[in-house]
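See below for the structure under consideration.
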Amino acid sequence: ANDRNTFIINKAMLEVLKDKQWENQPIQWGSQPRPIIGLVDDFHFADLRQSVRPLFIGFSDSFLGYIAVRVKPGDVMSTIRALDETWRLFEPERPFIPFFLNDELNQIYKAEKNMGAVVSTFSGLAIVIACLGLFGLATYTVNLKVKEIGIRKVLGAAVHDIVGLITKDFVVLVVVANVIAWPLAWYAMDKWLGSFVYRTDIGWWIFALVGTLTLIAALLTTGFQSLKAASMNPTEIIKEE
């Protein structure tokens, strides 16, 4: 048969046909059946929210949608001008509208990228606000326990004892917050990833890493006030009290 009147199919289409002997099997196209002459592996021609769909590829003189051209990185504009001139020779009445495949693919996931930018921005703001809140709370805690700190130092408490006295409550708060947040975060991420047919798994190490980083941030934020309190002169503290 003439190659212009034939089809190439992907493996998803082969599953639809349910006939492993695909060679030269006809597919009805209009008034003329066309034989299958080739089989290709499945490849994505839509976004990852969809599974690979059955596909047959053929040639038509009367139904041409797009022309795909691979362009060298340094010759983009000159190639577009040459294509425009050639297009005008064959289709002077229709405008030449070029576009790049990368731009089309990026457009598919534009909503996800925008959401990622918004989430990152608000997450950063939330971290800054939380650290400021912890710093203020640590200052308030030190002021409440200043007499206790002075007595403990007189009785021989070391610097790490005072630091531990102040930071232990914050460590407990951070751990409790993580325990509450992890299931909620996992549920939200799982629901979002569920919209994709091909998705990644959510590893436990992500939550462990985030928990560790939040604990470090809390310790660094409260550590300044803790060390400041631990370095105070106990006699001055008791005298003021």
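If you scan region 187-211, which residues turn out to be more than 21 Å from Glu112 (Cα to Cα) and either among the aliphatic types (A, V, I, L, M) or surrounded by 12 or more Cβ atoms within 10 Å (Cβ to Cβ) (or both)?
At the first step, the residues of region 187-211 found to be more than 21 Å from Glu112 (Cα to Cα) are 204-205, 207-211.
Result: Phe207, Ala208, Leu209, Val210, Gly211.
Here are Gly164, Gly156: which of them is in a loop (DSSP other than H, G, I, E, B) and either touching a Gly at 6+ places or on another chain (Cβ under 7 Å) or not aliphatic (A, V, I, L, M) (or both)? Write out each step before concluding.
On the way: Gly164 fails: in a loop (DSSP other than H, G, I, E, B).
It is Gly156.
Any residue that is assigned by TED's automatic domain parsing to the domain that holds Phe224, part of a helix (DSSP H, G or I) and either at positive phi or of a type outside the set (Phe, Trp, Tyr) (or both) - is there at least one of those in region 192-200?
Of the residues in region 192-200, the ones assigned by TED's automatic domain parsing to the domain that holds Phe224 are 192-200.
If we keep only those that are part of a helix (DSSP H, G or I) as well, we get 192-193.
Restricting the remaining residues to those that are either at positive phi or of a type outside the set (Phe, Trp, Tyr) (or both) gives 193.
Scanning region 192-200, I find at least one residue that is assigned by TED's automatic domain parsing to the domain that holds Phe224, part of a helix (DSSP H, G or I) and either at positive phi or of a type outside the set (Phe, Trp, Tyr) (or both), so the answer is yes.
Mind checking which residues of region 136-150 are hydrophobic (A, V, I, L, M, F, W, C) and surrounded by 14 or more Cβ atoms within 10 Å (Cβ to Cβ)? Steps first, answer last, please.
Initially, region 136-150 is screened for residues hydrophobic (A, V, I, L, M, F, W, C), giving 137-138, 142, 144, 146, 149.
Selection gives Leu137, Ala138, Val142, Val146, Ile149.
Those residues that are within 30 Å of the chain's Cα centre (by Cα) and aromatic (Phe, Trp, Tyr), I need them from region 145-202; list them, please.
Trp182, Trp186, Tyr187, Trp192, Phe196, Tyr198
Is there any pair linking a residue in region 38-64 that is aromatic (Phe, Trp, Tyr) to one that is modelled with pLDDT under 80, with Cβ under 9 Å and at least six apart or on different chains, and which?
That search, which allows pairs on different chains as well, returns Phe56/Ile27; Phe56/Trp29; Phe59/Asp3; Phe59/Arg4; Phe59/Asn5.
The values are calculated or read from the model by the stated rules, or taken from the named source; none is laboratory data. Everything numeric here is computed off the predicted structure, so don't read it as measured data. Here the Cβ is made from the backbone with ideal geometry for all residues, glycine too, and neighbour counts use every protein chain on show.
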